Structure formats: structure tokens, C-alpha cells
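Peer 1: Would you mind keeping the following structure in view while I ask a few things?
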Amino acid sequence: MALTWTEEYSVGVKELDDHHRQLFSLLNNNLKSVIENNGKSKTIAADLKKLQEYAVTHFKTEENLFLKINYPDARAHIHEHAEFRKELQKLDTLADGTDDLARLKLLLFISTWFTKHIMTVDKKYIPYLIEK
Ligand SMILES: [Fe+2]
């Protein structure tokens, strides 16, 4: 079930690849802490918070890059991030609760979203990076 970053996920920018790698690792930590800690735990809450904050920081970095390279699809891409941020906010509620199943479901949704987003939406900006 663990996510592994491989070259096929590369978006051509080292900083963003590093972010994606770190996001995978945070997701793996979260899944592990929910599965192993079972129930209400400070570790789970702290791990969920870390994942949420890191994802938001990552989106900002990506969106700043769009401005820099004058990326024509920026608007649609930023919209995707905004929609997804709403899902990330749900982690707030789950962090304080005891519902491990709900956490797992959301973490699996986040994992699926990220891998798909990187492979489809993120990959679209690669040609614009190369041009610069
Ligand atoms: Fe993105």
C-alpha cells in the first residue's frame, strides 16, 4: 500500500520532485500511524497536520512557478488545487476524532488524488519549463 516515488513521476523540476517525494513519504507515515496506533493519538493528529501543511506549501510553490513561466493552463490547475484543499481541510476534523476508518478512507483518497494529479495535471507544465 506504500507509495514509492520513481522517475516516472518526475515533473522536470528538482524542487517539485523533492516535494512530491516528501508528500509520498508523509502519506506513508500517516497511513502507518493510523493503522498502527489504532484510535485517538497525538501522533496521528500531528502527522495529519504535517501532511496538510506540506501539501498547501507545495501548491503555493507550484503556483508561483506558473506565474514565473507564464503558464497558460495556470487557472485550471490552481482550481484543481483549490478544490483539493477542501478535502485536506477535512483532516482537521478527523485529527481530533477517533474514527480511524474515516481517516484511512481520506488518506487513500489523498494518495490516489496525488498520484493521478502528478501524472496527468502536473505533467502538463513540463513542456513550458523546457522552453524557458
Ligand atoms: Fe499541481
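Peer 1: Mind listing whichever residues of the range 97-119 are within 16 Å of the ligand (Cβ to nearest atom) and either buried (at least 20 other Cβ atoms within 10 Å of the Cβ) or among the charged types (D, E, K, R) (or both)?
Peer 2: 110, 114, 116, 118
Peer 1: Only one residue in 61, 43, 93, 57 is polar (S, T, N, Q), away from the ligand (no atom under 11 Å from the Cβ), under 25 Å from residue 7 (Cβ atoms) and assigned to a helix (DSSP H, G or I). Which one?
Peer 2: Working: 61 fails: away from the ligand (no atom under 11 Å from the Cβ); 43 fails: under 25 Å from residue 7 (Cβ atoms); 93 fails: under 25 Å from residue 7 (Cβ atoms).
Of 61, 43, 93, 57, the one residue that is polar (S, T, N, Q), away from the ligand (no atom under 11 Å from the Cβ), under 25 Å from residue 7 (Cβ atoms) and assigned to a helix (DSSP H, G or I) is 57.
Peer 1: Please find, within the range 66-81, the residue that is nearest to residue 56 (Cα to Cα) out of those that are among the aliphatic types (A, V, I, L, M) and either more than 11 Å from the ligand (Cβ to nearest atom) or surrounded by 12 or more Cβ atoms within 10 Å (Cβ to Cβ) (or both).
Peer 2: Of the range 66-81, the ones among the aliphatic types (A, V, I, L, M) are 67, 69, 74, 76, 78.
Among the residues that remain, those that are also either more than 11 Å from the ligand (Cβ to nearest atom) or surrounded by 12 or more Cβ atoms within 10 Å (Cβ to Cβ) (or both) are: 67, 69, 74, 78.
Values: 67: 17, 69: 20, 74: 16, 78: 12 Å.
Within the range 66-81, the match that is nearest to residue 56 (Cα to Cα) is 78.
Peer 1: Do you know which residues across the range 120-132 are away from the ligand (no atom under 16 Å from the Cβ) and not in a helix (DSSP H, G or I)? Break it down stepwise before answering.
Peer 2: Applying the first criterion (away from the ligand (no atom under 16 Å from the Cβ)) to the range 120-132 yields 130-132.
Once the filter is applied, which keeps residues that are away from the ligand (no atom under 16 Å from the Cβ) and not in a helix (DSSP H, G or I), the range 120-132 yields only 132.
Peer 1: Residues in the range 1-50 that are free of Cβ contacts under 8 Å to residues at least 40 places away in the same chain and touching a Ser or Thr at 6+ places or on another chain (Cβ under 7 Å): how many?
Peer 2: 5
Peer 1: Looking only at the range 3-27, filter to residues that are more than 25 Å from residue 49 (Cβ to Cβ) and hydrophobic (A, V, I, L, M, F, W, C); which one of those is farthest from the chain's Cα centre (by Cα)? Walk me through how you get there before you give the answer.
Peer 2: If we filter the range 3-27 for residues that are more than 25 Å from residue 49 (Cβ to Cβ), which is where we start, we get 6-8, 10-14.
Of the ones still in play, those that are also hydrophobic (A, V, I, L, M, F, W, C) are 11, 13.
Details: 11: 14, 13: 16 Å.
Restricting to residues being more than 25 Å from residue 49 (Cβ to Cβ) and hydrophobic (A, V, I, L, M, F, W, C), the top hit is 13.
FYI, it's all coordinate maths here, none of it is from the lab. These figures come from a predicted structure and were not determined experimentally. Virtual Cβ from ideal backbone geometry, glycine too; neighbours counted across all protein chains shown.
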